[in-house]
Amino acid sequence: MKIACVGAGPAGLYFAISMKLRDPSHDITVFERNAPGVTFGWGVVFSDQTVENLQANDPKSAKVIADEFAHWDDIDVHFGGETITSSGHGFIGIGRKRLLEILQDRARELGVGIEFNAECDPADPKWSDYDLVIASDGINSRFRDAYEDAFGVDVETRANKFVWLGTSKVFGAFTFAFEKTEHGWIWAHAYRFAPDCSTFIVECSEETWASFGFDRMDQAEAIAACEKLFAKYLDGHSLMSNAAHLRGSAAWLNFRRIKCERWSAGNVILLGDAAHTAHFSVGSGTKLALEDAIKLAQVLNRSGLSLEAAMDEYVAERNLEVLKLQNSARNSTEWFETLERYTHFEPLQFAYSLLTRSQRISHENLRLRDRAWLEGVERWFWQRATDGRSNKTAPPMFAPFKMREMTVENRITVSPMAMYSAVDGTPNDFHFVHYGERAMGGAGLVFTEMTCVSPEGRISPGCTGMWNYDHVAAWKRIVHFVHANSKAKICLQLGHSGAKGSTRVGWEGDNMPLVDGNWPVMAASDVAWSPVNQVPLAMTRADMDAVREQFVAAVQMGLHAGFDMIELHAAHGYLLSGFLTPLQNRRTDEYGGSLENRLRYPLEVFAAMRAGWPSDRPMSVRISATDWAGDNGITPDEAVEIAEAFASEGADLIDVSAGQTWAGAQPVYGRMFQTPFSDKLRNEGKLATMAVGNIYEPDHANSILAAGRADLVALARPHLIDPFWTLRAAAQLDYRDVHVPPQYLNGMSQLARNLKREAEAAAALRA
Ligand SMILES: Cc1cc2nc3c(=O)[nH]c(=O)nc-3n(C[C@H](O)[C@H](O)[C@H](O)COP(=O)(O)OP(=O)(O)OC[C@H]3O[C@@H](n4cnc5c(N)ncnc54)[C@H](O)[C@@H]3O)c2cc1C
Ligand SMILES: Cc1cc2nc3c(=O)[nH]c(=O)nc-3n(C[C@H](O)[C@H](O)[C@H](O)COP(=O)(O)O)c2cc1C
């Protein structure tokens, strides 16, 4: 094949090498706009996995690269006057310039032509002479932009400013240095990539950058300012730029996240940064570029594979990798963009939060990397959780948490889950067994399902209620059992279905109206949940008074039944959520329009409930922290205001859910997908939160808690199938201080023994 590679970065060069290795008869020319030796950037970091991939693809260049690697293990986080050092991270780095030299030499050796000072214009007719034109022209790819529509390009320009500098100061560890200045926070990511040189990336928010006047400084002035700011880390060494071709403040960039729906158009194929980018804070752009190159060369040289099939395989495999990486890169980028959320943390927790920011590194990964350091974090967590009474080194999920005078034994909760199994609102033996079993399973706190304050406030005919004394008696029996047979506390979730009422039980059709016997529903406005649901009556002030009093009466009945805690359900599009979200609330009176107005009635209900509930017992509110509707609905920023408003009325905990507030929402699902909202509300609103949503492993819970992303962790579906989730986690983590019902002790010790044996066998296999 006759092939042109546009751009002699890692992608273009390594693709040319990989093609020639597979078939020397390919005629390949790499065109590079810059002169030899002129490039941006300093060092790049790799993982062991990438090195193995290079080794398998081309042992010869892999050896030259590996011989020149700088290795280091430690990460130093300088923050708040302390240096927190953790070890076992295992990084490998190399200078970008050196990497390119090695690849150029290897490419030439294999017969690849390289033309420097060759600016390529996508409009040039010469490209049609090639079988393939590889657009390996980097993040600002002209070739990608020329066929933007064909590639389905999606660009997101991120908020922070950064500049990629170098220094002769040799850092012994991967270094993050955070400095608080009168203009705001500014920080450096620094690491050694050669015996005498380190990368030094400076990053800050756009506001801080402008406030410093970096926008008005030339490069020399900006470098001098950074040297002064980071003098104590540089030990007299200077900072250097090799972006001389970028003039003035242009050397400062905003990261651009690129993704493309399609990676080929006509004879042009995208490779590396031209197709996708990953934020520098996860250090994987070069890895992706090199691995793209290997895969593309593999499929193009596989005999019998058509070009179309080759492209399908290339894109399918590489896109998956890119999506995974872009996901964690997004978390990491956002962490730095929202840095001020975490600057009130103590240095140890700040460092933990930084290390786990992308969600690729978890609590147990950190234990493998540096057990002593992680145990220090656990000890710190327990000290804070017990006001210094415990120095325990144990997983955070087992630490107690106090709200008012109620202390939960551990941080795991059974999330509210409608069971649709009551008759006339009365819980029965199913509920008795269901809640009793989940309490004995070890969770610190068990939430009831949404229990409705009136018959017409039910979602379905099977919902539990709290509007008469049959209900009180039935709940009392359950609460009594929980208290007598477990250490769990039990919280009554109270709600009113609003526009989502009068529907079938969950497994007969979500939100589908009853086949017969529908009752009239009411809501903030006369907006139906969906075309098949009935149009609710917009509530009058008299209706609002009546419903508020139903909530207050239910609270008092909850007190009689012996509940430890009350939760107000103001999420998921039910009545109070329907007031909060502009997607349902179309009122023109003082209960609609602005957020202040939309909050008025839910707050009134909550305040009345709080007044009727003992001041030594806690209350929480569940909210949907986003409507998943962009600016048309509740945004996470508004959710902070909502959470703060409830907290100022006496809510001790915000239970942070998301969505289910309008029928057309398109949530972005994934592991722990709602936890970022809990993180935001907790750390911007400075309040206690509970995270929920696809959290299913003990490692998830421990990572969330230690990083300060939530105070409690709720699991719903995992508890449906495993009431003993918490005890199983205790056995798995070899934590012995958890309460086990005495009747079950033998089972617990057998499980712990078996899991330990399994873990040892797996470790032996790995070794
Ligand atoms: C601050 C910062 C730190 C980073 N740190 C790391 C890290 O630690 N680890 C890591 O793996 N990655 C890192 N990256 C990302 C990494 O630099 C890129 O992902 C990687 O270089 C992508 O390789 P590429 O070959 O696709 O593109 P590039 O390396 O950008 O190469 C593209 C080449 O094409 C040339 N070119 C462009 N247009 C034309 C044209 N029209 N005609 C001719 N030539 C053209 C350019 O001059 C360039 O040489 C970092 C990036 C930044 C910005
Ligand atoms: C069967 C079922 C019923 C649910 N009922 C309620 C409910 O009554 N009240 C509520 O706030 N959330 C309810 N939810 C939502 C859960 O509490 C939880 O937020 C959601 O399932 C995400 O957590 P998970 O990924 O751990 O399942 C329900 C979820 C399920 C699976």
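Descriptive notes on the structure:
- Considering only PRO396, ALA706, CYS5, the residue lying farthest towards the positive end of the dipole of the chain is PRO396, judged by Cα position with unit charges set on Cβ.
- Filter on LYS259/LYS686; LYS63/LYS287; LYS402/LYS489; LYS487/LYS756; LYS392/LYS680; LYS161/LYS259 - keep pairs with C-alpha separation over 23 Å: LYS259/LYS686; LYS487/LYS756; LYS392/LYS680
- Cα-projected label distance for THR635 with ARG404, points at 7 Å along beta-carbon direction, nm: 3.5 nm
- Positive-end residue, the chain charge dipole about Cα centroid, Cβ charges, pick of GLY43, ALA310, TRP529: GLY43
- For the pair the stretch 365-388 and the stretch 285-337, the centres of their Cα atoms are 37 angstrom apart.
- Dipole-positive endmost among THR635, ASN365, CYS226 within the chain (Cβ charges, Cα centre): ASN365
- Carbon and sulfur %, accessible surface of the chain computed with the full protein complex present, 1.4 Å: 50 percent
- 27 Å Cα-Cα reach of LYS126 towards lysines, excluding residues that sit fewer than 8 places from it in its own chain: LYS2, LYS20, LYS295
- Counted residue by residue at 0.36 nm each, then reduced by the alpha carbon distance between them, the extension gain from ARG586 to GLU346 reaches 82.0 nm.
- As a size descriptor, the averaged projected area of the C-alpha convex hull of the stretch 395-439 was calculated at 4.3 nm².
- Once both labels are positioned 7 Å from their Cα atoms along Cα-to-Cβ, the gap between GLN743 and THR540 label points is 5.3 nm.
- Using Cβ point charges alone (K and R +1, D and E -1), the dipole size of the chain about the Cα centre works out to roughly 1560 debye.
- Rg over Rh [alpha-carbon atoms, Kirkwood Rh] for the stretch 13-142: 1.07
- Added length on full extension, which subtracts the Cα-Cα distance from 0.36 nm per residue, VAL155 to SER421: 90.9 nm
- Inter-label distance for GLU207 and ARG757, nm, one decimal - labels placed 7 Å from Cα along Cα-to-Cβ: 5.9 nm
- Largest first, the residues GLU758, GLU182, GLU638, GLU115 sort by 1.4 Å accessible area into GLU182, GLU758, GLU115, GLU638.
- Residues of the stretch 627-717: accessible area per residue with a 1.4 Å probe, Å²: 33 Å²
- Each part gets one Cα centre, and for the stretch 441-486 versus the stretch 721-767 those centres are 31 Å apart.
- Size descriptors for the chain, from the alpha-carbon set: Rg then Dmax equal 29.5, 88 Å.
- What the phi angles of the stretch 315-324 give under the Karplus curve with 6.51, -1.76 and 1.60, with θ = phi - 60°, is a coupling list of 5, 4, 6, 6, 4, 4, 4, 5, 4, 4 Hz, glycine and proline written as x.
- Helical contribution to [θ] at 222 nm, DSSP H n ≥ 4, -39,500 (n - 2.57), averaged over the chain, rounded to 500: -12000 deg cm²/dmol
- Based on C-alpha pairs under 8 angstrom that are at least 6 apart in sequence, the chain has a relative contact order of 9 percent.
- If both residues of a DSSP beta bridge must be in the chain, then about 50% of such bridges are antiparallel.
- For the stretch 426-505, the Cα-based Rg and Dmax, in that order, read 12.8, 38 Å.
- With R₀ fixed at 41 Å, the C-beta to C-beta distance from GLU82 to ASN254 puts the FRET efficiency at about 0.85.
- Rounded to the nearest 20 debye, dipole of the stretch 211-291 from Cβ charges on Lys, Arg, Asp, Glu: 220 debye
- Once the Cβ-Cβ distance of ASP235 and GLN55 is raised to the sixth power relative to R0 = 41 Å, the FRET efficiency obtained is 0.70.
- Per residue, the accessible area of the stretch 124-214 comes to 38 Å² when a 1.4 Å probe rolls over the protein heavy atoms.
- Theoretical FRET efficiency, 1/(1+(r/R0)^6), r = Cβ-Cβ of SER303 and VAL64, R0 25 Å, to 0.05: 0.25
- Accessible area of THR675 in the full protein assembly, 1.4 Å probe (Å², nearest 10): 0 Å²
- Stokes-Einstein diffusion coefficient of the stretch 679-767, Kirkwood radius over Cα pairs, 20 °C, 1.002 mPa s, in µm²/s: 144 µm²/s
The values are calculated or read from the model by the stated rules, or taken from the named source; none is laboratory data. Computed from a predicted structure; not experimentally measured. Positions of Cβ are generated from backbone atoms using ideal geometry, with glycine treated the same way; all protein chains shown enter the neighbour counts. Ligands, DNA and RNA are excluded from the accessible area calculation, which covers all protein heavy atoms including side chains. Shrake-Rupley method; radii C 1.70, N 1.55, O 1.52, S 1.80 Å.
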